[in-house]
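One structure is given here, and the rest of the page talks about it.
The values are calculated or read from the model by the stated rules, or taken from the named source; none is laboratory data. All values derive from a computational prediction rather than experimental measurement. Every residue, glycine as well, gets a Cβ built from its backbone with ideal geometry; the counts of neighbours run over all protein chains shown.
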Amino acid sequence: MPASSRQLALQFAAVLLVLSLAWPYYGMKAELLPWDQVALAIGATALVFATLSRQAWWWRLIHACFAPLAWAVAQLDIAPGWFLLAFILMLLVYRGAVSGQVPLYLSNRETAAALADLARERGSRRILDLGAGIGSLQAPLARALPEVRVDGLENAPLTWLLGRLRLSGQANAALRYGDMWRTDLAGHDLVYTFLSPEPMDWLGQKAAAELPADGLLVSNSFPVPWAEADRIIEVGDRRRTRLYCYTPESLRTQLAAAVAAEDASGDNPA
């Protein structure tokens, strides 16, 4: 089931559970539903469901707040057109959160500086930022490494457009609109990501299959779940950012070990 469908199903389950209890109770008392209390109950129930299903913290927050905020906004008597406009704007900016549970995270300048040092150390010539957003990493990285090609990939239309405008004067940087799962990593010797825990399993497998022998996958904050990083860089910023670095050889070796362990335990349906 797609990630967006799972979240809708979770919220719907919370609504169904609360209303299936509240409607008969207040119906027998011949009273109208207290929608403010019902909305709070739905939010609390959705939070429990999100926690039990181990959703990311930001999904838990969304589930907890959605029904109460929907009820509160309904009291403001806002024209429906504004909601449509807000939805379109949110989709243009946060499309990745809907399609792949990847919110918009902005890399800071300290991270760009650390990545520039790593690229110089390795002699990297072509860098790719997967989920580049508005070019918050690309712009300073391209300026710090004028001799290196710094490409980016983004699938949210508005952030992609803002990133293109931001990088318009940078000759060695380009931001392309597209799907990272359909993008071959083979042409880049350093691939950087700042995504979320959700796609890291699949991204690790993709990097193992596609990165060149001298390549490196660098993930900001979120490790590949089945692999030990070959190196962890402590950025030293206020976020206490960690950069998890993986070589393709290490990923392939650890992926084979993980698959073998699943086969031995019988967890692998294959």
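So the values come out like this:
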item	result
Within the range 16-41, considering residues that are of a type in the set (A, V, I, L, M, F, W, C), surrounded by fewer than 17 Cβ atoms within 10 Å (Cβ to Cβ) and within 37 Å of the chain's Cα centre (by Cα), the one nearest to H63 (Cα to Cα)	L40
Unique match (being touching a Pro at 6+ places or on another chain (Cβ under 7 Å) and crowded, with 18+ Cβ neighbours inside 10 Å) among A207, A156	A207
Leading residue by the ranking (surrounded by the fewest Cβ atoms within 10 Å (Cβ to Cβ)) among those in the range 117-131 that are among the aliphatic types (A, V, I, L, M) and closer than 18 Å to V235 by Cβ	L118
Meets criteria (outside any loop (DSSP other than H, G, I, E, B), among the small types (G, A, S), touching a strand residue (DSSP E or B) at 6+ places or on another chain (Cβ under 9 Å) and modelled with pLDDT under 95) for G96	yes
Listing of helices (runs of 4 or more DSSP H) fully contained in the range 103-203 that carry 1 or more residues being free of Cβ contacts under 8 Å to residues at least 40 places away in the same chain and in contact with a Gly (Cβ under 7 Å, 6 or more places away or on another chain)	138-144, 157-166
Test: A227 is in a helix (DSSP H, G or I), in the same structural domain as I134 (by TED's automatic domain parsing) and surrounded by 21 or more Cβ atoms within 10 Å (Cβ to Cβ)	no
